[in-house]
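Data first, discussion second: the structure below is written as structure tokens.
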Amino acid sequence: CWDVVVMPILEGPRVVGLVASSRDITEQAMLEQQEREQAEAQKRFVSDAAHELRTPLAAIQGNLDVIFRYPHIEESEKKEILQDVQNSAARLSRLVHDMLQLARGRTGVKSDEEVLLHEVALSAWRDAQRISGSKHHFELGLLEPIELYGDTDRLKQLTLILLENAVKYTPKGGTIRLQLEEQGGTAQLRVQDSGIGIAPENQHHIFERFFRVDRTRVDSRDPGGSGLGLPIAKWIVEAHHGTLEVESALGQGSTFVVRLPLQECSVDP
Ligand code: ADP
């Protein structure tokens, strides 16, 4: 799509020639479209964020109201209410932390660290076992030594998000399995669980910000998740030029597969 401007060359009152200049406005139109989309996404993020923050805030206000209005309620009941307040505050803090991380975007993601991916994976694996508190069986599949360039802390965070989700969404007694192998110049990390699984119609929504299959999990007693874990996992993977996919069957479990290219695994500027 071209924008053409034609100007006459004058010699006195006489037109002795024409100069034409042209510029490709397709690129500009695309930039404007991108800017509009970014502004739209930012507006959506702010409104979703406000909505998410309102729930724990309302719970804190409601619970504190009860304590001020009924100062003589039983000690045990008071304790329970204060516990709810504490849980909601913890949820608020986690939401704000996750939101800040997503809002900062890729700035601050290192590209040039030599990452020993198998050590990163193993360390996240041990953390996940502690979080599970022996409620699940942990199986370690093949763990090939793999070295790449990237950001060690972010890659650990990515592995931990997937493992923590496996713990959260797998009932007691279930199995969680981790595997890392090289396949055709790509590091392939698989986190598999025998948990509740994800229905096909929800599988592509789970990477959207604030999406949770079962929103009822989030009440003041069970602070649940922020709905930001997988979006954060996805941007970490994409910053390393990789892909994140899920295979899942409802009631049978889920497998999250991260693929990171080994050659050009440097992070975007
Ligand atoms: P949350 O903080 O709610 O866990 P995530 O962004 O990490 O947020 O995940 C989004 C939603 O995807 C979760 O609320 C859950 O419904 C679903 N999900 C994520 N991981 C799993 C899993 N391993 N098994 C079943 N459902 C999952």
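Since every read-out is calculated from the coordinates, none of them should be taken as a lab result. Since the model is a prediction, treat every value here as computed from it, not as a measurement. Don't worry about glycine lacking a Cβ; one is built from the backbone with ideal geometry, like all the others, and counts go over all protein chains shown.
Listing Leu18, Leu262, Leu178 from the residue with the fewest other Cβ atoms within 10 Å to the one with the most, what is the order? Don't skip to the end; give the middle numbers.
On the way: Leu18 9, Leu262 15, Leu178 23.
The fewest-first ordering by Cβ neighbours comes to Leu18, Leu262, Leu178.
Apply the Karplus curve 6.51 cos²θ - 1.76 cosθ + 1.60, θ = phi - 60°, to the phi angles in the stretch 74-82 and return the couplings in whole Hz, x for Gly and Pro.
4, 4, 5, 5, 4, 4, 5, 5, 5
Cut-off is 10 Å between beta-carbons; in what order do Tyr70, Tyr149 appear when sorted fewest neighbours first?
Numbers: Tyr70 12, Tyr149 17.
By the 10 Å Cβ count, ascending, the order reads Tyr70, Tyr149.
Please report Val237, Val257 as a ranked list, fewest other C-beta atoms within 10 angstrom at the top and most at the bottom. Provide the component values of the computation, followed by the final result.
Values: Val237 20, Val257 16.
So the residues, fewest neighbours to most, are Val257, Val237.
Treating only the Cβ of Lys, Arg, Asp and Glu as charged (+1, +1, -1, -1), what charge dipole size does the chain show about its Cα centre? Round to the nearest 20 debye. Kindly include the intermediate steps, with their values, before the conclusion.
Working: 30 positive and 41 negative charges, 171 e Å.
Here the chain has a charge dipole of around 820 debye.
Of the options Phe256, Gln86, Val237, report the single residue whose Cα projects farthest towards the positive end of the charge dipole of the chain (beta-carbon charges: Lys, Arg +1; Asp, Glu -1).
About the Cα centre, the residue reaching furthest to the positive side is Gln86.
Relative to the Cα centre, what is the charge dipole magnitude of the stretch 110-170, using +1 at the beta carbon of each Lys and Arg, -1 at the beta carbon of each Asp and Glu, and rounding to the nearest 20 debye? Please report the intermediate quantities before stating the final value.
Numbers: 7 positive and 11 negative charges, 99 e Å.
For the stretch 110-170, the charge dipole is close to 480 debye.
Is the chain rounded, prolate or oblate when judged by the Cα gyration tensor, a ≥ b ≥ c being the square roots of its eigenvalues, rounded requiring a/c under 1.5 and prolate requiring a/b larger than b/c? Provide the component values of the computation, followed by the final result.
Working: a/c = 2.95, a/b = 1.52, b/c = 1.95.
Judged from the Cα gyration tensor, the chain comes out oblate (a/c at least 1.5, b/c at or above a/b).
Residue by residue through the stretch 111-122, which ³J(HN,Hα) values in whole Hz follow from phi under the Karplus form 6.51 cos²θ - 1.76 cosθ + 1.60 (θ = phi - 60°), with glycine and proline marked x?
10, 10, 7, 7, 9, 8, 4, 5, 6, 4, 5, 5
Which residue, Ala59, Ala103, Ala39, has the most motion in a Gaussian network model of the chain that connects Cα atoms within less than 10 Å?
Ala39
How far, in degrees from 0 to 90, does helix 152-168 lean away from the longest principal axis of the Cα atoms of the chain, to the nearest 10?
50 degrees
Using θ = phi - 60° and the Karplus relation 6.51 cos²θ - 1.76 cosθ + 1.60, list the HN-Hα couplings for the stretch 245-254 in order, rounded to whole Hz, with x at every Gly or Pro.
10, 10, 10, 7, 9, 4, x, 10, x, 9
Taking Lys234 as the anchor, which lysines have their alpha carbon closer than 26 Å to its alpha carbon, excluding any fewer than eight residues away along the same chain?
Straight-distance partners of Lys234: Lys43, Lys110, Lys156, Lys168.
Dipole of the chain (Lys/Arg Cβ +1, Asp/Glu Cβ -1, origin at the Cα centre): which of Thr170, Ser21, Thr159 lies farthest to the positive side?
Thr170
Take the chain, connect every pair of alpha-carbon atoms lying under 10 Å apart with a spring to form a Gaussian network, then pick out the residue of Gly12, Gly253, Gly174 with the largest mean-square fluctuation.
Highest fluctuation of the listed residues: Gly12.
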